[in-house]
Structures are given as C-alpha cells and as structure tokens.
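Here is the structure we will look at.
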Amino acid sequence: MAVALRRRVLPAAQPRARWFSTDSPWRAATPESVQARKWKKRTYGREVLIFADSKKLAEAAELVLSQPGATRPKAFWEVFEKRTVQSAHLLTPIQGAMIIRAFEDTGCLVDTTELVRALAMELPKREEELTGLAVRVLCDAFSRHDDEAAKQGVGALLRQVPNVMYQMSIDDLTAVLLAVRRAALSDSHLCATVALKARAHMPMLGFNSLSSLAAAYAEHDHRDVPFMQELASRGLETAESDSEDFPVALSQLLVAFHKLAIALEPTVMQRYKELVEVAIDRFTHEEARQVAEMLGEAGEMDLQRKVRAHAA
C-alpha cells in the first residue's frame, strides 16, 4: 500500500488568492505610538501582575510614587497587595518602604492591614539591610495600624535605630519618636541619645524642627530641662513670625513646655509672649485654647485673656 501511495499522482494545486500581507504588523506603528502602548501597559501594572518578583514590585511602587495624580483600578491595588504579601520575605527594607508608601500616600482603594502585617513580620529581620530612611518610613506606616504584628514591628525597628542613626536627620528621628508613641511604646534611652545628636546639630535646626522635637519629647514625657531650655533659646533665634506655619509651630512648642511642666526663663518667656501677640490672630481655635492654658499656668493672665477672646 505504501508503494501505491508513493506512485499516486496528486492533482496540481490550484492557485489561491492571498488575503494577508507579509509586512510586519508593526509597520504602521510610529515610535511614539509604541511607547504609548508600553506606557499604558506599565501604568496599569500588567507586567507587575504577571511577573511579580521583588524587583518588579519595587519598580511598580516607584512608578506609582512618580505619578501621584494618576488613577488606577481597584483590581490593580488588590493584586499588587496580594503579590506583595506573598513576596514579603523576599523584599529588602527599602523596597518594602517604597511599596507601603505607594499604598498609603496615593489613596489606594484596598485595605492594607494584611500588607502591613506581612511586612512588619518580615522586614525587621533583615537587620543588615536596614537604612535610616527605611526605618523612618516603616515605623511611621506600622504605627498607624492597630495591629499587634505592626506594633511588634515598630518595637523591632526601634531597637535598630542606634545602628542607623548616622544616616538620619533630626527630622527623621523626630518622626520615629512620634511613631513610637502612636504605637503605645516609649524609649527614654532613645530620647536621651537623640538629644545628644540634636545638641550637635542645634545651629542648623529651624523653628519647625525645634518645635516638632519638643512635641515628641512631650509625647514621651521625657523631661530633660537643660535640653528643653536650649531648644527654647534656639527657637527665638530662628522664629520667623511671617511664615505660614509659624502659629502651628509656636503653639506646639509652648504646649510641649506646658505638658512637661517646664517653666521658661523670664527673659525667654518675655520674648515668647511677644511672639504670641504677633500670631494671636492666626491661631486656630484649638491652638488658642492650648496656648491660653499654658499662659494661665505661667501666670500671664492679661495675655491669657486676649488669647481666650480669640478662641471664643
């Protein structure tokens, strides 16, 4: 049969019309249109959702942070969160910090509780890869979640602060101190260590930094009278009463002294009374109430009445 099949003469093939082009389908595409397609693909995370390794997750976070006004569908955030939870043990602390910042700073549409829990359990373990920036961002993010794993994550990061303090500014350390208190933790040793660094950098600190640091010490109830007096004196040198956020910083500083029950020196108090009179019309109701309470405790009854009249 095989021989017969070989000997069989097949009829000549009939010519067919060609209904397709041999040209590439990209012939009509311009470089601009190709780039636009790739950009759209990256924008909605198609590559991230399919090839979600740690590097790709970090790249996605970087893209999200570079486009704060861009909107993304809820499905993107859901899968991005799921992939991050599954890859938490592969992420470096700085990658985790970028991802959690991408979720929390852009108003994503999903609950990040599981994401924070997974990162809080894994990232503090990578002690050798922790950086000052990662510690600040992660402490701030973890402290905003009422979760036991997140609280433990803040505690674990807190123990690493002395190892990365040389990488952190006074504002970074202030943010960490405030985050620690939000997590219902406290560390007087860290407060004392931050004071040492703040003294060394005192000539470079602005009024806002000084008032925030004073507020952080008040939150920790850390009563270092000589250091706080130095903050108050330096504040008089750097106060800019015409700046937009001056009333907030001024009230924050004065309230910190009131909470710690530290009396300002008479000459310093007189200067701050003058600053209060300059900012009195710009205080919010709550700021005016707190400043008035502080003035009453200091025996400045006339100025207290003026501030209370504004708060009324």
Would it be correct to say that S251 is at negative phi, modelled with pLDDT under 95 and outside any helix (DSSP H, G or I)?
no
Whether any residue in the stretch 276-286 is under 24 Å from T193 (Cα atoms) and surrounded by 17 or more Cβ atoms within 10 Å (Cβ to Cβ) is what I want to check.
no
Scan (1) surrounded by fewer than 21 Cβ atoms within 10 Å (Cβ to Cβ); (2) in contact with a Phe, Trp or Tyr (Cβ under 7 Å, 6 or more places away or on another chain); (3) touching a residue at least 40 places away in the same chain (Cβ under 8 Å) for the single condition E240 breaks and write down its number.
(3)
For V255, are the conditions met, namely being under 22 Å from E230 (Cα atoms) and out of contact with any Ser or Thr (no Cβ under 9 Å at 6 or more places or on another chain)?
yes
Among the residues that make up the stretch 287-295, is at least one of them in a helix (DSSP H, G or I) and of a type in the set (K, R)?
yes
State yes or no: is E300 modelled with pLDDT of 90 or more and acidic (D, E)?
no
Can you report the number of residues in the stretch 198-215 which are open to solvent by less than 40 Å² (accessible area, probe 1.4 Å) and either acidic (D, E) or under 22 Å from the mean Cα position of the chain (by Cα) (or both)?
11
Got a number for residues in the stretch 86-123 being on the phi < 0 side of the Ramachandran plot and open to solvent by 50 Å² or more (accessible area, probe 1.4 Å)?
14
Those residues of the stretch 124-133 which are over 10 Å from the mean Cα position of the chain (by Cα) and open to solvent by 10 Å² or more (accessible area, probe 1.4 Å) amount to P124, K125, R126, E127, E128, E129, L130, T131
Among the residues of the stretch 256-312, the number that are under 21 Å from E240 (Cα atoms), of a type in the set (S, T, N, Q) and touching a Leu at 6+ places or on another chain (Cβ under 6 Å) is 0
Out of R282, R271, R234, sole residue that is of a type outside the set (V, I, T) and modelled with pLDDT under 90
R282
Checking D245 against (1) of a type outside the set (G, A, S); (2) under 23 Å from the mean Cα position of the chain (by Cα); (3) over 23 Å from E274 (Cα atoms), which single condition isn't satisfied?
(3)
Pull up the stretch 58-80, narrow it to residues that are in a helix (DSSP H, G or I) and open to solvent by 30 Å² or more (accessible area, probe 1.4 Å), then point me to the one that is farthest from R117 (Cα to Cα).
S66
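The values are calculated or read from the model by the stated rules, or taken from the named source; none is laboratory data. As the structure is a prediction and not an experimental result, all values here were calculated from the model. Note that each Cβ is placed from the backbone with ideal geometry, even for glycine, and that neighbours are counted across all protein chains shown. Surface areas here come from the heavy atoms of the whole protein model, side chains and all, with no ligands, DNA or RNA. Shrake-Rupley method; radii C 1.70, N 1.55, O 1.52, S 1.80 Å.
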